[in-house]
Number of protein chains: 2
Amino acid sequence: MTQIHATPSLRPQDAANLRDSLTVRAGAIESAIDTLIAPVTRGGEARVVDAMRYATLGGGKRLRGYLVTEVASLFGVPAVRALRVAASVEMLHSYSLVHDDLPAMDDDDLRRGQPSTHRKFDEATAILAGDALQTLAFEVLADPATHPDAEVRIALVSALAKASGAAGMVGGQMIDMEGEGRALALDEVRRLHALKTGALIRYAADAGAILGQADAATMERIAAYGRDVGTAFQVADDVLDATASAEELGKTAGKDAAAGKSTYVALLGIDGAAAEARTLAERAVTALDGFGAQADGLRALAYYMVERRS
Amino acid sequence: MTQIHATPSLRPQDAANLRDSLTVRAGAIESAIDTLIAPVTRGGEARVVDAMRYATLGGGKRLRGYLVTEVASLFGVPAVRALRVAASVEMLHSYSLVHDDLPAMDDDDLRRGQPSTHRKFDEATAILAGDALQTLAFEVLADPATHPDAEVRIALVSALAKASGAAGMVGGQMIDMEGEGRALALDEVRRLHALKTGALIRYAADAGAILGQADAATMERIAAYGRDVGTAFQVADDVLDATASAEELGKTAGKDAAAGKSTYVALLGIDGAAAEARTLAERAVTALDGFGAQADGLRALAYYMVERRS
């Protein structure tokens, strides 16, 4: 097992604090989602709501939601608002996982150690649940409870749409599928991941700053942080896929190589990819210069992204 | 073939005017969509954009888009704004058709006389194209070019999300699939269609009034019109499915009965369903009392909904 280590790293006490903070925050985000997707007890649509809840309430680290709330806290945004946006980003992320797991896509039976949504329900229900989760993400953002200023809400909607459509997450997934069984150049892999996973992670950081009505220069620093953290996350993910076990990951391991996908590891080697992840995390932290101790959670998160074991 | 006729009906000159008007408007909406989904020539995501264009630019009557623009014109909304919202509703509608046609859903090879999107491309691309069309619908609404007032744009986003999610269109599709092979009561069929097709048609009418910043009383009259026209459309659709040929419909005919679906026709008979459609159209027209000749297009549309042959 390759150890990913260099200095500066995540100090043990910071790692412990972050773990606690992630656990508490994941609980709060889970609770927000639980409230926003109320179970339906009557009518045929109860099934799709059950599937939406199954797909979103199955745990997970809620890294995207954590990003929203940590950035929002830099600007003194009330937690109730930040949690709604965090829940919305997690719904959007969950919809993408539900659809990516479908037989026609990545055909994955396992997600976070549990049957994927189409295995637990059926394909039609999974397609519909994904569809409705995307819709609900926008509905939550558009609600005045998210922010009293319509300009803020529409900025959240607009940025989420751009991050998740054909020029963002969905485009990245298409590039990924188109690239299977073909060797992609490093530039192509970078672009694939900037869209497929990077865009939504960057949105999560941006959304906190939008909620906080940050000025343009501050927005740009947060965006720089989000961009690098997003890429670091994916590079580290490729390393994990190549080195960790299915038990650690809670999902099928080694799938990238099996699917003939071009990964950072295939292009840079495990050590090279790990070094790149580290460099990106350091650059992300540099973007936070000027923010005080209140940004320590975001700094720790950047290192955590590349040091996590699952 | 059962003739659907009663008085008052669509007068021949009104029918001719409406046909001309629908054709011209469909061209303008198609052109708006063509501009909003610009082809991508480089990168792996070109394929999903091609599929999005295929799914949305294949013609169709654009009844929902027509509704948006006709209602908007009552309030003097500039055409360029109304056409953006019309394009957005048509994208949302197209996404639902792409996903509904999938093998795991209605498994339909034919749409408007052409291969459905997953037949023309493949299932994965069709899933992604549908996903991205939904996203783009919200992105277009959120853009300042749609309306300079953020309150108007967020109202358009919020209402579209409510109309198309688990408490709207997707919920209706789930009820429809849950009800296959089981006899639904008339109340259940009404609710199914109020969600599955009614919600988006009503949204189309509402959106025109939102764009026009109509007062609450006027909004309610437009909503009443949209509600009845939406139901009339679906009842008439059931009649068409039972009586028209695949050639006339441009899609597989008689599918409802084959799928064991409970329809208005199954519950009311062809004549009974046709009479109900007619009653709904008349009530929709009554909701427009007080609007002058400028609402004649909407009145003609209500009758057209129940007299169309495809």
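Readers should treat all values here as calculations from the given coordinates under stated rules, not as data from a laboratory. This is a predicted model, so every value here is computed, not measured. Methodologically, a virtual Cβ is constructed for each residue, glycine included, from the backbone with ideal geometry; neighbour enumeration extends over all protein chains shown.
Relative to the Cα centre, what is the charge dipole magnitude of region A:12-307, using +1 at the beta carbon of each Lys and Arg, -1 at the beta carbon of each Asp and Glu, and rounding to the nearest 20 debye? Spell out each step's value before the answer.
Values: 29 positive and 42 negative charges, 94 e Å.
I would put it at about 440 debye.
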- Per the Debye formula with a single identical scatterer at each Cα and no solvent contribution, what log10 I(q)/I(0) holds for the protein assembly as shown at q = 0.09, 0.10, 0.12 Å⁻¹? -0.71, -0.86, -1.19
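Which of A:177, A:52 has the fewest other C-beta atoms within 10 Å, and how do the rest follow up to the most? Working shown, then result.
Numbers: A:177 21, A:52 31.
Fewest to most other Cβ atoms nearby, the residues stand as A:177, A:52.
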- chain B: longest stretch without exposed trypsin sites (Lys or Arg not before Pro) (DSSP loop, at most 13 other Cβ within 10 Å), sites themselves excluded? B:43-181
- Note on the structure: Measuring from its Cα centre, the protein assembly as shown shows a charge dipole (+1 at each Lys and Arg Cβ, -1 at each Asp and Glu Cβ) which, in debye to the nearest 20, is 580
- Task: Amide H neighbours of residue B:184 under 5 Å, at least 5 residues apart or on other chains, H built in the peptide plane: list them.
- Result: B:262
- Which distances in nm, rounded to one decimal and ordered from shortest, link the label point of residue A:80 to the equivalent label points in the other identical copies, with labels set 7 Å from Cα toward Cβ? 4.1
- For chain A, build the charge dipole from Cβ charges (+1 Lys, Arg; -1 Asp, Glu) around the Cα centre, then report which of A:96, A:266, A:279 sits farthest towards its positive end. A:279
- Taking R0 as 25 Å, what's the FRET efficiency between residue A:215 and residue A:293 from their Cβ-Cβ distance, rounded to 0.05? 0.75
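Going by C-beta contacts inside 10 Å, put B:218, A:146 in order with the fewest on the left.
Working: B:218 16, A:146 24.
Listed from fewest to most nearby Cβ atoms, that is B:218, A:146.
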- Ranked A:105, B:305, criterion: other C-beta atoms within 10 Å, fewest first: A:105, B:305
- Message: Spelling out what I want: for every residue of region A:277-282, take phi, set θ = phi - 60°, compute 6.51 cos²θ - 1.76 cosθ + 1.60 (Karplus), and round to whole Hz; glycine and proline get x.
- Response: 4, 4, 4, 5, 4, 5
- Item | Model label zone, residue A:79; criterion: amide N under 16 Å from point 7 Å along Cα-to-beta-carbon; scope region A:25-60 | A:25-35
- For chain A, with +1 on Lys and Arg beta carbons and -1 on Asp and Glu, the positive-most of A:110, A:140, A:26 along the dipole: A:26
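What do the square roots of 5 times the Cα gyration tensor eigenvalues come to for region B:57-126, in whole Å, largest first, as semi-axes of the equivalent ellipsoid?
On the way: eigenvalues 177, 21, 17 Å².
Equivalent-ellipsoid dimensions as semi-axes: 30, 10, 9 Å.
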- Query: Put a point 7 Å out from Cα along the line to Cβ at residue B:12; what are the distances to that point in the other copies, in nm, shortest first?
  - Reply: 9.4
- Task: Would you be so kind as to identify which of A:186, A:240, A:219 lies farthest towards the positive end of the dipole of chain A, taking Lys and Arg as +1 and Asp and Glu as -1 on Cβ and the Cα centre as origin?
- Result: A:219
- Message: At 7 angstrom along the Cα-to-beta-carbon line, where would the label on residue A:290 sit relative to the other copies? Give the distances in nm, shortest first.
- Response: 5.5
- Message: With equal scatterers on the alpha carbons only and no solvent term, can you work out the Debye log10 of I(q)/I(0) for region A:12-307 at 0.10, 0.16 1/Å?
- Response: -0.51, -1.40
- Ratio of the Cα radius of gyration of region B:133-244 to 2.2 N^0.38 Å, where N counts its residues: 1.18
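Local charge sum around residue B:90 (other residues, Cβ-Cβ under 12 Å, Lys/Arg +1, Asp/Glu -1)?
Local net charge: +3.
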- Across the protein assembly as shown, how many lysine pairs, 8 or more apart or on two chains, come within less than 18 Å at their alpha-carbon atoms? 12
